[in-house]
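K.L.:
One structure, as structure tokens, below. Some questions next.
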Amino acid sequence: MDIEVLGRALTTLPEDDEHPYRTGPWRPQTVERSAGNLEVIGEIPADLDGVYLRNTENPVHPALEVYHPFDGDSMVHVVGFRDGKVFYRNRFVRTDGFVAEQQAGQPLWAGLAEDPERSPRQTGWGARGRLKDASSTDVVLHNGVALTSFYQCGDLYRLNPTTLETLGKATWNGQFPSDIGVSAHPKFDERTGELMFFNYGTEAPYMHYGVVDAQDNLVTYIDVPLPGPRLPHDMAFTENYAILNDLPLFWAPEALARGKYAARFYPDIPARFAVIPRHGTTADIRWFEADPTYVLHWTNAYEEGDEIVLEGFFQRDPEPPAGNGTLYQRMFRFLDNDKLGPRLHRWRLNLITGLCKEEPLSERTSEFGMINQRHAGRPYRYSYAATSPPGWFLFDGLVKHDSLTGTEEHFRFEDGVYGSETAMAPRPGSSAEDDGYLVTITMDMNRDLSECLVFDARNLTAGPIARIRLPERVSSGTHSTWAPGSLIPGWREHDDAATAVHL
Ligand SMILES: [Fe+2]
């Protein structure tokens, strides 16, 4: 393995850290590396062509009082594949918050679980306000640039998808909605080159929806009026529509009036979905009501006759009881899929009748579903989701769901090994939806190392066909994406993709 150290972050984390999300599989890193000639067990498919990008909450300072894993600074990992070869890099995203705290040598913003009044810096970002925009939630590719985002809205940081150099913030030719920012989970439509997004906040109209075109112009940006502040996390789209949501889990209004941000589930309020023509206006929005739940992530949506079919993970218990556990157990019950009980679910929104019909698709608890992105917004059959161990925001296995037959294949990592959100990499030129590869990064606590695993998406249960040893055990993280080489500028211009500096 050839390793080049690219940088080291200043860290003030305690040596004897005991926080559950800064130790074990969530132990953060401080060193940035570039690595080639990686040890490979098995064989990397010659037609696996592109980069797997994974975002990570990777703190370098302790919190003011109580750290929440969504506060961690963004570190992005890239594993790139070309011509049967592989390279790896990890870099911090140079957000304004990360840079300021590196210079100060201490935390400057109160985190999600802390009182904003205590924040040393009284300006900041996020729907709540006064948060650090860590940009550590999601990552997508648009116009050949990787964009990282923050779940509570902030800037979109632009990264070179192979070197991970921070290229600044998205400006959208001066039209970026900097007053509110953009939520995690903007959606890229490969067929049109458009990026759809939403944002939300505590001031009316409480949500907006927009579209950026393939030239980075903001071509649509509209109000989506809600009854009050909400906590939407994800959106979906079809060929002609965007689907936003107003779900009955939000900051308790009476606490919010006192400046407290306490998320509560209201089981008597229906879930609502907004169906908006992709380039429509506020007047075009149609609302559909469904059974109360919270949905963190959608897998996909598509049009079928008069209906919009929307699929995602229906939570059986969006606000699990606090119980008598420790502070951390009470705080992190909202991260415990075993308690939330998300299961794959389908909603059918009928554009003629205005009614919604819904049905469960699986009895298995899973979340973080990924698909072949060529099918995003179009009919699809397969999703690839993560299963979780009770009590932890960790992934202990992968499940491939076949919506045509209702069958599932499950691959479980060995005990003590955890995976990442697993991206699907379609084989270049393939036409079958599951003709491609699944790519993930593991945190192996048994051997104290990380590997990038590559599976044949058609035969998940056979296990990985290639395991690539990474230079260091990386921290667990959240969202990932697959960026095909065909969408990365300069991808083929250099003899060795591993050492090429693109853009
Ligand atoms: Fe998410």
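K.L.:
Hey, could you grab the Kirkwood Rh for the chain? Inverse mean 1/r over distinct alpha carbon pairs, Å, one decimal. Write out the running numbers ahead of the final one.
P.N.:
Values: mean 1/r = 0.0438 Å⁻¹.
When all Cα pairs of the chain are included, the Kirkwood radius is 22.8 Å.
K.L.:
The range 264-328: D in µm²/s via Stokes-Einstein (Kirkwood Rh, Cα pairs, 4 °C, 1.567 mPa s)?
P.N.:
Details: Rh = 14.5 Å.
Translational D for this selection: 90 µm²/s.
K.L.:
Right, here's the next one. Which residues among the range 61-105 fall inside the zone where the amide N is under 14 Å from a point 7 Å beyond the Cα of Asp47, along Cα→Cβ?
P.N.:
83-84
K.L.:
On to the next question. Could you check the simple spin-label distance between Glu239 and Leu449, using points 7 Å along Cα→Cβ, in nm with one decimal?
P.N.:
4.8
K.L.:
Once you place label points 7 Å from the Cα toward the Cβ at Ala204 and Lys260, how far apart are they in nm?
P.N.:
2.6
K.L.:
Same structure, new question: Once you charge only the Cβ atoms, +1 for Lys and Arg and -1 for Asp and Glu, what is the size of the charge dipole of the chain about its Cα centre, to the nearest 20 debye? Don't skip to the end; give the middle numbers.
P.N.:
On the way: 47 positive and 72 negative charges, 98 e Å.
It works out to roughly 480 debye.
K.L.:
Work out how much length Asp284 to Arg467 would gain on full extension: take 0.36 nm times their residue separation and subtract the Cα-Cα distance, in nm to one decimal.
P.N.:
On the way: separation 183, 0.36 × 183 = 65.88 nm, distance 4.92 nm.
Extending this stretch completely gives an extra 61.0 nm.
K.L.:
Pulled fully out, how much extra length does the chain show between Glu414 and Ser178, if you take 0.36 nm times their separation in residues and subtract their Cα-Cα distance?
P.N.:
Numbers: separation 236, 0.36 × 236 = 84.96 nm, distance 4.45 nm.
Length gained, Glu414 through Ser178: 80.5 nm.
K.L.:
Please work out the Cα center distance from the range 171-210 to the range 248-304, rounded to the nearest Å.
P.N.:
Cα centroid of the range 171-210 versus Cα centroid of the range 248-304: 16 Å apart.
K.L.:
Given an 8 Å cut-off on Cα distances and at least 6 residues of separation, report the relative contact order of the chain as a percent. Please report the intermediate quantities before stating the final value.
P.N.:
Numbers: 1356 pairs, mean separation 66.6, N = 503.
For the chain, the relative contact order is 13 percent.
K.L.:
Relative contact order for the range 403-503 using alpha-carbon pairs under 8 Å, separation at least 6, rounded to a whole percent?
P.N.:
Working: 156 pairs, mean separation 22.7, N = 101.
With pairs under 8 Å counted, the relative contact order is 22 percent.
K.L.:
Please list His375, His401 in order of solvent-accessible area, largest first, computed with a 1.4 Å probe with all protein chains present.
P.N.:
Values: His375 40, His401 10 Å².
The residues order as His375, His401, largest area first.
K.L.:
With charges only on Cβ, +1 for K and R and -1 for D and E, what is the dipole size of the range 256-357 about its Cα centre, in debye, rounded to 20? Mind showing how you got there, number by number?
P.N.:
Working: 14 positive and 13 negative charges, 105 e Å.
In total the dipole reaches around 500 debye.
K.L.:
Sticking with this structure for a sec: Counting each DSSP H run of 4 or more residues in the chain as -39500 (n - 2.57), what helix-only mean residue ellipticity at 222 nm follows after dividing by all residues, to the nearest 500 deg cm²/dmol?
P.N.:
On the way: 4 runs with 22 residues, N = 503.
Taking each H run of at least 4 residues, the total per residue is -1000 deg cm²/dmol.
K.L.:
Within the chain, what is the number of lysine pairs with alpha carbons under 26 Å apart, leaving out pairs fewer than eight places apart on the same chain?
P.N.:
Taking the chain as the scope, the lysine pair count is 10.
K.L.:
To the nearest Å, what is the center-to-center distance of the range 406-429 and the range 377-400, using C-alpha atoms only?
P.N.:
8
The values are calculated or read from the model by the stated rules, or taken from the named source; none is laboratory data. Remember, predicted model here, so these are calculated numbers, not experimental data. Cβ sites come from the backbone with ideal geometry, for glycine too, and all protein chains shown count toward neighbours. To get the accessible areas, we keep the full protein, side chains included, count just its heavy atoms, and leave off ligands, DNA and RNA. Shrake-Rupley method; radii C 1.70, N 1.55, O 1.52, S 1.80 Å.
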